[in-house]
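The values are calculated or read from the model by the stated rules, or taken from the named source; none is laboratory data. Here the structure is a predicted model, which means the values were calculated and not measured. Glycine also receives a Cβ, built like all others from the backbone with ideal geometry; neighbour counts cover every protein chain displayed. Heavy atoms of the whole protein, side chains included, go into the accessibility calculation; ligands, DNA and RNA do not. Shrake-Rupley method; radii C 1.70, N 1.55, O 1.52, S 1.80 Å.
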Amino acid sequence: MVASLPGFTHTVTERFLRYVVIDTQSDPASPTCPSTEKQKVLGALLARELQAMGIRDAHLDELGYVYATIPANTDKPVAVICFCSHMDTSPDCTGANVKPQIVRDYRGGDIVLPADPTQVIRAADHPALADQIGNDIITTDGTTLLGADNKAGLAEIMDAAQFLIDNPQIKHGTIKILFTPDEEIGRGVDKADLKKLGADFAYTIDGETAGNIEDETFSADGATLTIEGVSTHPGFAKGKMEHAIKIAAAIVDRLPKHTCSPETTEGKEGFLHPIGISGALEKATLSFIVRDFIDAGLQEKEVLLENIVKEVMRDFPHSSYRLEIKPQYRNMKQVIDRYPEIIDNAMEAIRRAGLTPIKTSIRGGTDGSRLSFMGLPCPNIFAGEHAFHSRLEWVSRQDMEKAVQTIVHLAMIWEERA
């Protein structure tokens, strides 16, 4: 167990509290990389802290990525593994002026957030709290998100790096660190230099419940539907006008109401989800995301969408439409299953940290989805974050410490099994 090794410390919470007060919200409307310059403020801090540990090549590049290398201290030929987390927080909820709170020795029940008592982390809505009795729970004051997604992962990787450097008797191969911007807006690895990184396998530290490892994600497409209606003066429109906004509304109305949507699906069920509508009389645009764990499921939902569109358009014979489908990412399991040792080693690391490993699927994507198909197989390990993208976000000190232990054990196991 890492906790019994000389030099093990409990500093991950201090790091976490230092990082969450830095606003790193990304911006989907920005064309730049990173999408917000403020992400570089945290990136520069992380690079300085890595350099202070003695990691000479640690640096923040001009695109907002942090790279670092912990050199091998073994003669064995060990695969180069990378630990990866993202620095940005979600645009869904403000990340400015975060004021973290610590509920020490949690005894159960609801947690009322102090700056806005209407914000309550209810035990009934957050069953994972039942496993936190006696632990220290970190929340916000109720006015912002916390940023545990993914500053918990950042703090855990940083703490594990410090531990490995301070304890050279722990043998490991070359370890790479990668911190990315803009994961929350789907661009996290767009500009990552994998050649410079030089890793064979990677792990994102960005999952939820302690003990979980995720080797499967949604496959994802985006769909854009453009409708060209018929415009005419409303005073003389009878029999002529075909209103593009009304056509779009009719299409949305015909989407399945009891299946195939985020609010009606769970587990391995996918969905077809409208995320935006804009336009005027003459032209309207609908945006969708399409999700499923298998590619055939994506295609079924895209056919369903086009059939609904065709059916609606029959009532508007002078109007036209264009449906564009763009791939976004694919289920990383397609790649990870070729390298069973990645998951086997991670599950053993979780056991050595004193937890029961649970292999699960993500109803979403991670940087690891893209990295896997870019040639760097990359499952996702727990960071302990819960209720992310909301003012009810929380994480426990003990879960973050278990994540640090898991990372250290994982470095050891790759060396042992080399």
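The candidate values are (1) 49, 23, 20; (2) 33, 25, 20; (3) 42, 24, 20; the one derived from this structure for semi-axes √(5λ) of the Cα gyration tensor in Å carries the label (3).
Straight-line reach from Lys283: which lysines have a Cα under 25 Å away, not including same-chain ones fewer than 8 places off? Leaving aside lysines fewer than 8 places away in the same chain, those within reach of Lys283 are Lys238, Lys240, Lys246, Lys301, Lys310, Lys326. Using the average count of surrounding beta-carbon atoms within 10 Å as a protection proxy, the listed peptides 278-289, 195-206 rank, highest first, as 195-206, 278-289.
With every protein chain kept in place and ligands, DNA and RNA left out, what is the accessible area per residue of the chain? Probe 1.4 Å, answer in Å². Walk me through the intermediate numbers first.
Values: 17620 Å² over 418 residues.
Accessible area per residue: 42 Å².
Rounded to the nearest 0.05, what FRET efficiency do Lys283 and Val41 give with R0 = 35 Å and r taken as the Cβ-Cβ distance? Could you check? Please list the in-between numbers first.
On the way: r = 41 Å, r/R0 = 1.16.
FRET efficiency, Lys283 to Val41: 0.30.
If you rank Val20, Val41 by how much accessible surface each has, with a 1.4 Å probe, what is the order from largest down?
Values: Val20 0, Val41 85 Å².
Descending accessible area places them as Val41, Val20.
From the alpha carbon centroid of the stretch 304-330 to that of the stretch 137-165 is 43 Å.
Expected output is a single nm value to one decimal: the length gained when fully extending between Thr264 and Thr226, i.e. 0.36 nm times separation in residues minus the C-alpha distance. What is it? Intermediate results must be reported in sequence, preceding the final value.
Numbers: separation 38, 0.36 × 38 = 13.68 nm, distance 2.63 nm.
Difference between extended and current length: 11.1 nm.
How tilted is helix 244-253 with respect to the longest principal axis of the chain? Cα atoms for both, answer in degrees (0 to 90, nearest 10). The angle comes out at about 60 degrees. For the stretch 123-254, rounded, prolate or oblate, judged on the Cα gyration tensor with a ≥ b ≥ c (square roots of eigenvalues), a/c < 1.5 rounded, else prolate if a/b > b/c? Prolate shape, in that a/c is at least 1.5 and a/b is the bigger ratio.
Quick check: with the 1.4 Å probe, what order do Asp193, Asp215 take by accessible area, largest first? Kindly include the intermediate steps, with their values, before the conclusion.
Details: Asp193 65, Asp215 5 Å².
If we order Asp193, Asp215 from most to least accessible, we get Asp193, Asp215.
Going by the alpha-carbon gyration tensor, a ≥ b ≥ c the square roots of its eigenvalues, is the stretch 251-381 rounded (a/c under 1.5) or, if a/c is not under 1.5, prolate (a/b greater than b/c) versus oblate? Mind showing how you got there, number by number?
Values: a/c = 3.27, a/b = 2.57, b/c = 1.27.
Here the stretch 251-381 falls in the prolate category.
Axis of helix 295-313 versus longest Cα principal axis of the chain: the two differ by about 20°, to the nearest ten degrees. In terms of the Cα gyration tensor, with a ≥ b ≥ c the square roots of its eigenvalues, is the stretch 120-190 rounded because a/c is under 1.5, prolate because a/b exceeds b/c, or oblate? The shape class here is oblate. With the cut-off at under 15 Å, measuring from each backbone N in the stretch 377-418 to a point 7 Å along the Cα-to-Cβ line of Ala72 picks out 411-418. Using a 1.4 Å probe on the protein heavy atoms, what percent of the accessible area of the chain belongs to carbon and sulfur? Result for the chain: 52 percent of the exposed heavy-atom area is carbon or sulfur.
Over the chain, DSSP H runs of length four or greater, each weighted -39,500 (n - 2.57), average out per residue to a 222 nm ellipticity of -9000 deg cm²/dmol. Compared with the dominant Cα axis of the chain, that is its longest principal axis, helix 39-53 is turned about 20°.
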